[in-house]
Amino acid sequence: MAADPRYRTDLFRGVAPYYDAFRPPYPPEMLEDLLGRVPISGAGRLLDLACGTGQIALPLADRFVEVWAVDQEEGSIAWGRSTPRARALTNVTWLRGRAETVELEGPFELVAIGNAFHRLDRNVVAGRVVDWLGPGGCVALLWSPVPWVGRAPWQPALGRLLGEWMQRAGATDRVPPGWEAAIDADPHEQVLQRAGLDYVGRFEFGREQTWTLETLKGFVYSTSFLNRGALGSMVDEFEWELARWVTSFGPEGTLGEVNSFVYELARAPA
Ligand SMILES: C[S@@+](CC[C@H](N)C(=O)[O-])C[C@H]1O[C@@H](n2cnc3c(N)ncnc32)[C@H](O)[C@@H]1O
């Protein structure tokens with residue numbers, strides 16, 4: 001089995017305000033569906049691993065007595081913890097730490113990993129998740145769509161534009177080569193099963209979205225690979241070209257897409 005690719009540990013530096021403002025939230029109906037499949041008691045604990053600014057911890061906090069929100073980047077933790085939503089909660093502990101090494105005590109009823117499992121040393125983390133879960137506890141991998149992947153003609157064109165800018169900005173080291181091949185060769189389902197978890201399934205929730213120049217730019221700045229830090233002194237030039245590119249597709253508000261949020265669920269033996 002080939003080792004998972006390694007990502008730099010500072011890729012989200014400076015992105016927290018953009019991540020918070022411009023990443024479309026997980027659909028409430030998807031979170032409800034997830035909670036309906038996890039045996040939550042109302043007295044249990046949630047671990048949001050690689051939590052970013054709290055995309056899972058915050059909307060689910062009132063369903064658990066205790067929530068741990070863990071991420072390796074201080075900027076994300078600090079931003080998440082200071083949001084009005086987080087400040088109104090008393091049961092969330094924010095902790096800076098790496099999923100592979102952070103010291104945490106189980107049991108958790110649910111370990112949720114949003115848009116991040118591919119960034120982790122999956123075998124190590126899956127093994128740790130098994131230790132953290134109580135009997136019958138669940139791990140959920142949540143995935144959001146990205147605007148440059150989809151069937152609308154503008155989406156692959158956007159992908160090409162962002163790829164060109166990664167080259168121009170010298171940011172290509174932000175995505176390790178072969179990351180998709182590594183997942184194809186050893187899918188998440190297989191990794192979770194090998195760790196001793198029962199794979200329950202993959203659940204998909206379609207949505208429609210229209211992007212504007214502002215929301216698209218905000219989304220790009222929330223990424224690991226073409227945020228403002230990655231662009232450096234080329235920010236103004238990039239913004240000018242993105243504006244020109246968006247306009248070339250028609251009037252504001254015409255960049256529509258149909259796409260899906262997804263979660264994968266696996267359960268520890270009861
Ligand atoms: C794309 S963001 C996902 C944020 C949020 N969980 C969500 O659902 O959208 C990926 C996050 O994973 C974190 N991350 C990446 N590798 C990590 C690791 N080894 N341990 C902890 N956090 C990690 C990054 O710092 C970043 O905040």
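Quick look at the numbers
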{"quantity": "Loop-located chymotrypsin sites (Phe, Trp or Tyr not before Pro) in region 159-260 whose Cβ has at most 16 other Cβ within 10 Å (DSSP)", "calculated": "Phe249"}
{"quantity": "Candidates per trypsin sites (Lys or Arg not before Pro) in region 1-49, loop by DSSP, up to 13 other Cβ within 10 Å", "calculated": "Arg6, Arg8"}
{"quantity": "Cβ-placed point charges (K, R +1; D, E -1), dipole of region 42-88 about Cα centre in debye, nearest 20", "calculated": "200 debye"}
{"quantity": "FRET efficiency, Ala185 to Glu74 (Cβ-Cβ, R0 35 Å, nearest 0.05)", "calculated": "0.60"}
{"quantity": "Residue-span extension gain [Ser82 to Glu103] - 0.36 nm each, minus C-alpha spacing", "calculated": "5.2 nm"}
{"quantity": "Residue-averaged [θ]222 nm for the chain, counting only DSSP H segments that reach four residues, each worth -39500 (n - 2.57)", "calculated": "-10500 deg cm²/dmol"}
{"quantity": "The chain, relative contact order [Cα under 8 Å, separation at least 6], %", "calculated": "25 percent"}
{"quantity": "GluC sites (Glu not before Pro) within region 164-260, DSSP loop, no more than 16 other Cβ atoms inside 10 Å", "calculated": "Glu252"}
{"quantity": "Part-to-part distance (alpha-carbon centres) for region 209-254 and region 17-75, which is given in Å", "calculated": "27 Å"}
{"quantity": "Summed residue charge, Cβ within 14 Å of Pro25's Cβ, Lys/Arg positive, Asp/Glu negative", "calculated": "-1"}
{"quantity": "Estimated dipole of the chain in Debye, rounded to 20 [Cβ of Lys and Arg +1, of Asp and Glu -1, Cα centre]", "calculated": "200 debye"}
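A short reminder: the numbers here are calculations on the coordinates, not readings from a lab. Nothing here was measured: the structure is a model prediction, and the numbers come from that model. Positions of Cβ are generated from backbone atoms using ideal geometry, with glycine treated the same way; all protein chains shown enter the neighbour counts.
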